[in-house]
Amino acid sequence: MSAVRRVTVLGCTGSIGVQTLDIIRNQGSKFKVVGISANGSNPAQLAAYAIEFDVEYLAIAQATAAQDVQLALYAEAKRAGYAEGNFTLPKLLIGPQAATELAAIPVDVVVNSISGAVGLLPTVAVLKAGSTLALANKESLVIGGRAVTSLARAGQIVPVDSEHSAIAQCLRSGSSSEVKRLVLTASGGPFRGKSRAELSEVTPAQALDHPTWSMGPVVTINSATLMNKGLEVIEAHLLFNIPIEQIDVVVHPQSVVHSMVEFSDGSTIAQASPPDMHLPIALGLAWPDRIADAAPGCDWSAATAWTFEPLDDGVFPALNLAKRAGKLSGTAPAVLNGANEIAVEAFLAGKIGYLQIVEFVEKVLEEHLVTNFVSDLDLTIEEVLTAARWAESKCRTLVTPVE
């Protein structure tokens, strides 16, 4: 990588966004941050990033936060030593479509680390603008399906999820015709080894206590139910054009082997590194190049053990439900994800139990399949958004207790 890469970071105050800017900060002149986006709930942090990286554009999803962000910008500029009149405000993009407007501005790389289905339209905007998409927002690909992948040129989408980054690296070892199967690893979450009966009284606090990764609440709950792994199977299917039947999941509690590719001759190539998102993020920024010392490597001088075990589908039915939606494709994954977001929200609010999350998602999906399912043949972004909104509304009705 030689020329300076112009980068936009969507969701800059979330976990992936913060780590992305950390990498860019440590790389000096290799990257130039053109724009950043956030919902606006943390004006001071957003302003600090805008001043530090001298961004041209600042997108704020919450219109009500615009004034607070602007005041924070002036305060941060003063702290940074700018004199009166010597500071130029970044161009502010405000409102629900702000991130999409920012994503449409051509740059070299856009990191989409927005959480949830709201990342779909920014993903579409990036692809239409021709920028490379470093994708941490798996939902936009999962729900958009072929309507999204059809917009992308070869190699335009670079995965940032650790599992898919691992697969992309492993695939360098052979041709696509030589791939026998993909193997995604799962930590097993906080309830690995538990029986279904033991999970009936799980609290949100217990489900949020992930043994390996520090993530946002929705992703953490998805990891606890294994829905996250189901979404990742669909994402891998779409990213690498491998049939879902050839994508397996294995539990690996140490989270050091991030995923594997088995080739037709019986050889399996695995990517291993300590659980640190700096590495896949750095690859997303610099792909196909690597950034030196992006993250610590494995310590081969210390005795250690890596274990692998099968996933218990009876205790964690979300994976098979997601695989079913992925095989059906069309609007099914959008409904799966939309219903899941609402069910997780209801669980965190104490409205439903842990085991009911997947039960409600399945109910919504089943109704969709017999009432308003749209296949890949007729799939458009508009159909996807309509299906997602329907699923959210339907699930919200189901999980809301009758007064």
* To do: Kindly list the number of the only condition in (1) in the same structural domain as Lys394 (by TED's automatic domain parsing); (2) over 25 Å from the mean Cα position of the chain (by Cα); (3) hydrophobic (A, V, I, L, M, F, W, C) that fails for Ala305.
  => (1)
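Among Gly338, Gly284, Gly350, Gly314, which is out of contact with any Gly (no Cβ under 7 Å at 6 or more places or on another chain), modelled with pLDDT under 95 and not assigned by TED's automatic domain parsing to the domain that holds Pro204?
Details: Gly338 fails: modelled with pLDDT under 95; Gly284 fails: modelled with pLDDT under 95; Gly314 fails: not assigned by TED's automatic domain parsing to the domain that holds Pro204.
Exactly one residue qualifies, and that residue is Gly350.
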* Can you tell me which of Asp313, Asp299, Asp293 is at positive phi, out of contact with any Cys (no Cβ under 9 Å at 6 or more places or on another chain) and surrounded by fewer than 19 Cβ atoms within 10 Å (Cβ to Cβ)? -> Asp293
* Does segment 110-123 hold any residues that are more than 19 Å from Met227 (Cβ to Cβ) and surrounded by fewer than 22 Cβ atoms within 10 Å (Cβ to Cβ), and which are they? -> Leu121
* Asked: Out of segment 382-395, which residues are under 23 Å from the mean Cα position of the chain (by Cα) and buried (at least 16 other Cβ atoms within 10 Å of the Cβ)?
  -> Glu383, Val384, Leu385, Ala387, Ala388, Trp390, Ala391, Glu392, Cys395
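Assess whether Val219 counts as being within 21 Å of Ser115 (Cβ to Cβ) and of a type in the set (A, V, I, L, M, F, W, C).
It is true that Val219 is within 21 Å of Ser115 (Cβ to Cβ) and of a type in the set (A, V, I, L, M, F, W, C).
Can Ala270 be described as assigned to a helix (DSSP H, G or I) and buried (at least 18 other Cβ atoms within 10 Å of the Cβ)?
On the way: assigned to a helix (DSSP H, G or I): no; buried (at least 18 other Cβ atoms within 10 Å of the Cβ): yes.
No, not satisfied.
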* Across segment 102-140, what is the total count of residues that are in a loop (DSSP other than H, G, I, E, B), among the charged types (D, E, K, R) and under 11 Å from the mean Cα position of the chain (by Cα)? -> 0
* To do: Scan Glu84, Glu52 and give me the residue that is of a type in the set (Asp, Glu) and either at pLDDT 95 or above or touching a helix residue (DSSP H, G or I) at 6+ places or on another chain (Cβ under 8 Å) (or both).
  => Glu52
* **Leading residue by the ranking (surrounded by the most Cβ atoms within 10 Å (Cβ to Cβ)) among those in segment 1-48 that are part of a helix (DSSP H, G or I) and of a type in the set (D, E, K, R)** => Lys30
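The values are calculated or read from the model by the stated rules, or taken from the named source; none is laboratory data. The model shown is predicted, which means the values in this text are computed figures rather than measured ones. Positions of Cβ are generated from backbone atoms using ideal geometry, with glycine treated the same way; all protein chains shown enter the neighbour counts.
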